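To start, the structure under review is shown below, and the notes come after it.
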Amino acid sequence: MFPEYQQKVYEELLTIFPEGGDIDVTYTNIQDMTYMDMVINESMRVITPVPFVGRENTQDIELSNGMVVPAGVQFIVNIFALHRRYDLWGPNADMFDPDHFLPCNIEDKHPYAFIPFTKGIRNCIGWKYGLMSTKATLAKLLRNFKFSTDFQYADLEFDYAIVIKLKKIPGLKIENR
């Protein structure tokens, strides 16, 4: 849907893997994929893998208006809405833009403004492995193939469940590079 960002990832991959084909992706290579990291983070921001999580507070919480939420209250954290808040992500919070994750744009963000794997003691135990395997897989695919679609970002409709799903799956065109 955004060929200009795919091209920038491809150009980054060309500097890491000048030769295409069956590339071996190392841990050091993964660390060098800084732009790909921004694209993956932005993908998880606008299409949050797990849109809601349930939590229970273990102690009383005093809210900014003075109201107290007693310990033991169960609540839902709407991660999908959090990741699209204009006060946190700016006027184009609903749009896909990897620049949201430029160092200058995230240095002052609240640590809980972006929580695709949740945060704290109940965060996803496999988040580092998940990101490394995603980057390794995408490196192999994007270094060797170009992906495109006629489907428009604005036409995405979400089906909210335990994990987010699309109501209509966009068709992909895959070309050799």
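Odds and ends about this structure:
- 3J(HN,Hα) couplings calculated from phi for segment 41-47 with the Karplus curve 6.51 cos²θ - 1.76 cosθ + 1.60 (θ = phi - 60°) are, in sequence order, 4, 5, 4, 6, 6, 7, 10 Hz; Gly and Pro show x.
- Basic side chains Lys and Arg get +1 at the Cβ, acidic Asp and Glu get -1 at the Cβ, and with that the dipole of segment 78-169 about its Cα centre reaches some 560 debye.
- Per residue, in Å², the accessible surface of segment 104-174 once ligands and nucleic acids are set aside, probe 1.4 Å: 73 Å²
- Tail weight of P(r) past 23 Å, computed on alpha-carbon pairs of the chain, percent: 51 percent
- Of the chymotrypsin sites (Phe, Trp or Tyr not before Pro) found in segment 146-177, those in coil by DSSP whose Cβ has at most 13 other Cβ atoms within 10 Å are Tyr160.
- Using a Förster distance of 25 Å, the FRET efficiency for Leu63-Met132 (Cβ separation, nearest 0.05): 0.05
- The trypsin sites (Lys or Arg not before Pro) of segment 37-143 that meet both conditions, a loop assignment by DSSP and at most 15 other Cβ atoms within 10 Å of the site Cβ, are Arg85, Lys109, Lys119.
- Karplus 3J(HN,Hα) series, Hz, for segment 11-19 with 6.51 cos²θ - 1.76 cosθ + 1.60 (x for Gly, Pro): 5, 5, 5, 4, 6, 8, 10, x, 9
- At most 15 other Cβ within 10 Å, DSSP loop - GluC sites (Glu not before Pro), segment 5-56: Glu19
- Think of it as helices only: each DSSP H run of n ≥ 4 in the chain is worth -39500 (n - 2.57), and spread over all residues that comes to -10000 deg cm²/dmol at 222 nm.
- Listed residues Met44, Met33 arranged by accessible area, highest first, probe 1.4 Å: Met44, Met33
- Heavy-atom accessible surface of the chain: percent carbon and sulfur, 1.4 Å: 57 percent
- Placing +1 on each Lys and Arg Cβ and -1 on each Asp and Glu Cβ, with no other charges, gives segment 1-145 a dipole about its Cα centre of roughly 460 debye.
- Surface listing: His83, His110 arranged by accessible area from highest to lowest gives His110, His83, probe 1.4 Å.
- Estimated FRET transfer efficiency when R0 is 30 angstrom, pair Lys109-Thr26 (beta carbons, to 0.05): 0.50
- In nm, spacing of pseudo-spin labels at Lys146 and Asp99 (7 Å Cα→C-beta vector): 2.4 nm
The values are calculated or read from the model by the stated rules, or taken from the named source; none is laboratory data. Bear in mind the structure is a predicted one, so any value in this text is a computation, not a measurement. When we count neighbours, we look across all protein chains shown, and the Cβ atoms used for this are built from the backbone with ideal geometry, even at glycine. Ligands, DNA and RNA are excluded from the accessible area calculation, which covers all protein heavy atoms including side chains. Shrake-Rupley method; radii C 1.70, N 1.55, O 1.52, S 1.80 Å.
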